[in-house]
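Here is the structure we will look at.
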DNA sequence: TCCAACTCCGAACGACGTTCGAATAATACC
DNA sequence: GGTATTATTCGAACGTCGTTCGGAGTTGGA
């Protein structure tokens, strides 16, 4: 049972997600393929167990050092590194699997990590999911672009798609590339993370200036209040 | 050729991504399965064409009304709605496909949408990818959680995974749920978007106060400068 | 008219997830 | 110890998948 999950994890980390099949897992365990169905209803459940097994390695946010911002930044970087080390997690799990116990434990810890910020529970959950979503989304974009693909590489692969890529039709993009911008580069992660945490800091500062110590009772359950919503007029 | 992509799109939008197979597409077109390979090297290229076809419907960011923030918010909401209407996009495209012409055109337009912000091209690209990543990641989380799953639903599906979920072991999470917080609710999207845009606004305000009009020459190609990096000490 | 190039596609190959049912091992009860 | 019950193993098969092969049909220019 745990051996099945372990075998599947090793298989995927060495051969990639495409190589994950019940037959391969069974072969690695020296058992018949049909034997796996004694312990698992099907492949989907195996995938769910694999995902929760990965979550078991994640440090608990509320045990990290520093203030809320340090904690959030630290687990965001942990997530980012985890997606780099287990890119198959991004390809798997697209469709509805139940959150496993490790996932729930992590979520519980993340809520605690925002103690003392003056945010309501609903807001804390929203902040956590925002950062989580940001990391996951950026990791997906980065992974899909092939890790670190050069513009020439993009052009070559684009050519395979039918018509060749004519960069003259994209002047702003061309200018950016010529200026040295690298799309989906890895260091872009830190940039966006700082922006997102800056935005959370704005909210928390707003909450703090309107001093009210009670944690929860401010109409919790809703997220609709104006924050700093105005842009910059030219 | 375009008919193949159209048939595949209709198939997926009515039957779901799991029903997408070369045989089904061929059947819908009343041709033999092997005929498809006259026009496409394989299923992966069909998927790439499907993705770029969806991008063709996206409005161009730089043509949207308002200042940079209004433009960014508008296309973020467009993206969010597109992922809701075409959830298969999230499940597809995990692995390396080349960006199609519509994707490049959109990217070019998004860079233009940040004209007049004082940001370098590298920074603009980073902002765009941050917002893009945020939307995509949150849409994935929302989609994976089953759209809008109640805690009871989570508990039921968790039970199917092996051991039943004991919420007493997750006190902070339990408290949040009791207070009315709904994990992965749809309105959480707006909350995180405002935070992210607030963070971008902080950066832009900083750039503006250090007035320098030249757009590009400030050592472009690097993203490493301190923004507003300090948290709030308790 | 003839030939080359392009289009169509039935049949087959190997791999997949999953089911069935019979054989075998382990356990419980008397 | 003997027997009934339950759990485990798994070879074989079903239906589906992506893709390849080779030949038949069609088309267009010389």
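Only the coordinates and a few stated rules stand behind these numbers; no lab work does. Nothing here was measured: the structure is a model prediction, and the numbers come from that model. Glycine also receives a Cβ, built like all others from the backbone with ideal geometry; neighbour counts cover every protein chain displayed.
Projecting 7 Å from Cα along the Cα-to-Cβ direction, the label point of residue B:41 sits 4.0 nm from its equivalents in the other copies, listed shortest first. A label point on residue A:78, set 7 Å along the Cα-to-Cβ line, lies at 3.8 nm from each of its counterparts in the other copies, closest listed first.
Among A:204, B:111, rank each residue by its count of other Cβ atoms within 10 Å, from fewest to most, as a rough exposure measure.
On the way: A:204 21, B:111 24.
Ascending Cβ contact count within 10 Å gives the list A:204, B:111.
For residue A:16, the point set 7 Å out from Cα toward Cβ sits 2.7 nm from its twins in the other copies, listed from shortest up.
May I ask you to sort B:22, B:50 by Cβ crowding, counting other Cβ atoms within 10 Å and putting the fewest first?
On the way: B:22 18, B:50 24.
The fewest-first ordering by Cβ neighbours comes to B:22, B:50.
What list do you get for A:167, B:189 if you sort them by fewest beta carbons within 10 Å? All intermediate terms of the calculation are to be shown ahead of the outcome.
On the way: A:167 16, B:189 25.
So the residues, fewest neighbours to most, are A:167, B:189.
What does the average come to when, for each residue of peptide A:97-109, you count the partner chain Cβ atoms lying within 10 Å of its Cβ? Write out the running numbers ahead of the final one.
Details: counts 5, 13, 10, 5, 8, 0, 1, 9, 3, 2, 5, 9, 3.
Averaged over the peptide's residues, the number is 6.
For B:10-23, what's the mean count of beta carbons from other chains sitting within 10 Å of each residue's beta carbon? Kindly include the intermediate steps, with their values, before the conclusion.
Numbers: counts 0, 0, 0, 0, 0, 0, 1, 2, 1, 0, 0, 0, 0, 0.
Mean shielding by partner chains, rounded to a whole number: 0.
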